[in-house]
Amino acid sequence: MFILRPSELLQKHLVKLRVQGKTIGFVPTMGALHPGHLSLVEYAQKQNDIVVASIFVNPTQFNDLNDFKLYPRSAEQDIYLLEKAGCDILFLPSTKDIYPAGTSQLPHYELDYLETILEGKYRPGHFQGVCQVVHRLMTLVAPENLYLGQKDYQQCLVLKRLLSLTGSPAQIKICPTLRENDGLAMSSRNMRLMPEERNLATGIYKALTFINEQLQPGTLAAIKEDAVRILCKYHLKPDYVEIADADTLQLLSSWDGCKKIVAVIAAFMGQVRLIDNMILPLNFASYAN
Ligand code: PAF
């Protein structure tokens with residue numbers, strides 16, 4: 001695996017591969033890699049000649065400075081895991097590579113409704129930051145395919161919008177969420193949980209499973225309230241429990257029994273904020289497209 005920085009070196013290397021007609025699959029990450037990330041590398045390998053991954057803990061997407069400081073970092077282990085997974089190129093940019101003109105005057109992206117709800121509402125500015133870094137990375141890597149995890153469902157829709165706003169021809173491939181044996185979605189943030197908290201965090205999956213089991217056409221208020229009660233039983237403090245149209249993320253108060261929907265949850269376990277989702281009804285959830 002080539003480990004490349006600065007961005008000029010990456011671009012020089014990629015030009016050579018492009019001349020040879022190679023296709024590129026790109027897996028952007030913030031490091032602290034877990035099997036979920038490595039599964040993205042695996043999907044990318046199957047569908048492209050070359051897999052490029054990046055590791056950059058992007059300061060502009062953290063609305064909470066403490067969260068940025070505490071974000072787990074494990075560069076050596078990440079390099080080892082990517083190499084083992086067969087990644088071809090790791091781009092390890094510096095802040096200057098990503099933000100050559102600094103971070104004070106970055107572009108604003110018209111995300112409209114998508115950044116007023118859910119993560120957008122609870123983490124103001126977060127999706128602008130995600131778009132800023134991904135726009136820059138996409139310009140540098142120019143892949144055919146961009147691999148994202150379904151766990152960050154709203155981010156997937158935001159980045160679809162980014163690609164359309166910026167006229168990028170790349171395809172977004174949304175890959176299934178990987179889960180621990182007890183259902184907890186794999187996340188770099190899980191590393192910050194104490195053992196007791198780690199066990200209780202499974203309450204998020206329990207609440208999503210409950211919504212799946214109880215889902216019926218009609219009003220959704222009671223099912224959401226019951227899901228909140230499940231979270232509280234597990235000492236999770238919810239920011240939100242919502243059910244939304246899976247394509248537009250319009251929040252729904254009732255369901256017609258046909259539409260593809262997504263149940264989304266964000267909740268704190270102690271100091272650690274976790275998110276998860278489930279596309280429903282479950283037979284709609286055929287992913288890794
Ligand atoms: O999902 C993430 O890890 C990040 O938001 C991303 C897409 C790598 C941008 O920093």
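When the residues of segment 86-133 are filtered to those that are among the aromatic types (Phe, Trp, Tyr) and crowded, with 18+ Cβ neighbours inside 10 Å, which remaining residue is nearest to Met1 (Cα to Cα)?
The initial filter retains those residues of segment 86-133 that are among the aromatic types (Phe, Trp, Tyr), namely 91, 99, 109, 113, 122, 127.
Still in the list and also crowded, with 18+ Cβ neighbours inside 10 Å: 91, 99, 109, 127.
On the way: Phe91: 10, Tyr99: 25, Tyr109: 34, Phe127: 31 Å.
This residue is Phe91.
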Exercise. Which one of these is modelled with pLDDT of 95 or more, out of contact with any strand residue (DSSP E or B) (no Cβ under 8 Å at 6 or more places or on another chain) and part of a loop (DSSP other than H, G, I, E, B): Pro100, Pro93, Pro72?
Worked result: Pro100
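Report, by residue number, each residue of segment 40-64 that is open to solvent by 30 Å² or more (accessible area, probe 1.4 Å) and more than 14 Å from the ligand (Cβ to nearest atom).
Applying the first criterion (open to solvent by 30 Å² or more (accessible area, probe 1.4 Å)) to segment 40-64 yields 42-43, 45-47, 49, 59-60, 63-64.
Scanning segment 40-64 gives Glu42, Tyr43, Gln45, Lys46, Gln47, Asp49, Asp64.
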Problem set entry | Hits in segment 137-171 (condition: within 14 Å of the ligand (Cβ to nearest atom) and among the charged types (D, E, K, R)) | Lys151, Asp152, Lys160, Arg161
Exercise. Applying the selection to segment 12-39, what residues are within 18 Å of Pro169 (Cα to Cα) and either open to solvent by 20 Å² or more (accessible area, probe 1.4 Å) or modelled with pLDDT under 95 (or both)?
Worked result: Val15, Arg18, Gly21, Lys22, Thr23, Pro28
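Being among the charged types (D, E, K, R) and not in a helix (DSSP H, G or I) is the filter here, so list the residues in segment 104-127 that pass it. Outline the logic, then answer.
In the first step, residues of segment 104-127 are kept if they are among the charged types (D, E, K, R); the result is 110, 112, 115, 119, 121, 123.
Hits for segment 104-127 are Glu110, Arg123.
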Exercise. Only one of (1) open to solvent by 30 Å² or more (accessible area, probe 1.4 Å); (2) within 25 Å of Cys156 (Cα to Cα); (3) away from the ligand (no atom under 14 Å from the Cβ) fails for Glu83. Which number is that?
Worked result: (2)
Seminar exercise, completed: Filtering segment 131-176 for residues that are among the basic types (Lys, Arg), within 15 Å of the chain's Cα centre (by Cα) and part of a helix (DSSP H, G or I) leaves a count of 3
For this session: Check segment 244-257 and report whether any residue there is among the hydroxyl-bearing types (Ser, Thr, Tyr), assigned to a strand (DSSP E or B) and surrounded by fewer than 14 Cβ atoms within 10 Å (Cβ to Cβ).
Result: yes
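Being more than 14 Å from the ligand (Cβ to nearest atom), crowded, with 16+ Cβ neighbours inside 10 Å and in contact (Cβ under 8 Å) with a residue 40 or more places away in the chain narrows it down to one residue among Ile223, Ile204, Ile174; which is it? Steps first, please.
Numbers: Ile223 fails: in contact (Cβ under 8 Å) with a residue 40 or more places away in the chain; Ile174 fails: more than 14 Å from the ligand (Cβ to nearest atom).
Only one candidate qualifies: Ile204.
The values are calculated or read from the model by the stated rules, or taken from the named source; none is laboratory data. Here the structure is a predicted model, which is why all the values come from computation and not from measurement. When we count neighbours, we look across all protein chains shown, and the Cβ atoms used for this are built from the backbone with ideal geometry, even at glycine. Areas reflect the complete protein model, heavy atoms only, side chains present, ligands, DNA and RNA absent. Shrake-Rupley method; radii C 1.70, N 1.55, O 1.52, S 1.80 Å.
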